[in-house]
Amino acid sequence: MTTARLPLFPLNTVLFPGLVLPLNVFEERYRAMMRELLKKDGSEPRLFAVVAIRDGHEVAPTAPGLPDPTALPERGPAAGFGEDPIRVFHPVGCVADAATIREREDGGFEVIATGTTRVRLLSVDSSGPYLTAEVEEIPEQTGEGAGALAEGVLRAFRDYQKRLAGARERTLTTGAELPDEPSVVSYLVASAAVLDTPCKQRLLEAPDTAARLREELRVLRTETAVLRHLPSVPMVHLTQTPMNPN
């Protein structure tokens, strides 16, 4: 197993390998992280680890999208995470590569990062200006029957999209636009489905691609059955936008 020490960015969301994560960074601890990453030259990846915060714990104000103008500023690298931050975070996260880091006039940053590799959190250090973590890479294993499961998941996902949109199938993303590599399918569907953070975290932690696809098939069938009995569904726009895993 490969281990590394990386800057740690906790969020109230789950990042999957291959998926894009836009960030609006305005807290000083994360500004300091981005300033440090900007010191790397163009030949070196700007890597940091993203972990999801466990339900029931205070969430740091910095998150994807716009900041809450009423939020009070947090101070210190572990602010909001208690005396032992590692207990507040889910144990498996994802390494992110910040392809774009743009500093704004107010000192904040707009960041576009892409998930790369799953990692397990081994320890968290709060002694610096921002959190860092020792992480261990989790290799992606294919598992038995992943190819057939991926085909089934894509079919179930298209049916799920159709039910979620309440529209005809021809108005949705077509199968030709979706990937067919099992691991890519597993992560794309996990990210695109409207699921809560604990469910997405379980998918991220699946022992192999086949296990993740098998769980997705179960979840999609359950969610689709529920949608059949709902008179209307919010967030229809989520099902009508083509998805890009890169």
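The simple spin-label model puts a point 7 Å past each Cα toward its Cβ; for Glu44 and Glu151 those points are separated by 4.7 nm.
In summary, the aspartates and glutamates within cross-link reach of Lys162, defined as a Cα separation below 13 angstrom excluding same-chain residues under 8 places away, comprise Glu223. Residue-wise HN-Hα couplings along the range 113-125, as the Karplus relation 6.51 cos²θ - 1.76 cosθ + 1.60 with θ = phi - 60° gives them from phi, are 10, 10, x, 10, 9, 5, 9, 9, 7, 9, 7, 10, 10 Hz; Gly and Pro carry x. Annotation: amide H-H contacts under 5 Å for Leu21 (H modelled 1.01 Å from N, sequence separation of 5 or more, or interchain): Ala113, Thr114, Gly115. Rounded to the nearest Hz, the phi-derived 3J(HN,Hα) couplings of the range 39-46 under the Karplus curve 6.51 cos²θ - 1.76 cosθ + 1.60 (θ = phi - 60°) are 6, 6, 7, x, 7, 10, x, 9, where x marks glycine and proline.
Remark on Gly143: its backbone amide H falls under 5 Å from those of Thr209, Ala210, a criterion applied only to residues 5 or more positions apart or on other chains, H modelled at 1.01 Å from N. Among 38-44, 8-14, 200-206, 122-128, sorting by the average number of other beta carbon atoms lying within 10 angstrom of each residue, highest first, gives 8-14, 200-206, 122-128, 38-44.
Applying 1/(1 + (r/R0)^6) with R0 = 30 Å to the Cβ-Cβ distance of Asp55 and Glu83 gives a FRET efficiency near 0.95. Working out 0.36 nm times the residue gap between Thr197 and Asn24, then minus their Cα-Cα distance, what length gain in nm do you get to one decimal? 60.3 nm is the gain from fully extending Thr197 to Asn24. Between Thr222 and Thr116, the simple label model (points 7 Å from Cα in the Cβ direction) yields a spacing of 3.4 nm.
FYI, it's all coordinate maths here, none of it is from the lab. For clarity, every value in this text was computed on a predicted model and none was experimentally measured. Note that we place each Cβ from the backbone using ideal geometry, even for glycine, and neighbour counts take in every protein chain shown.
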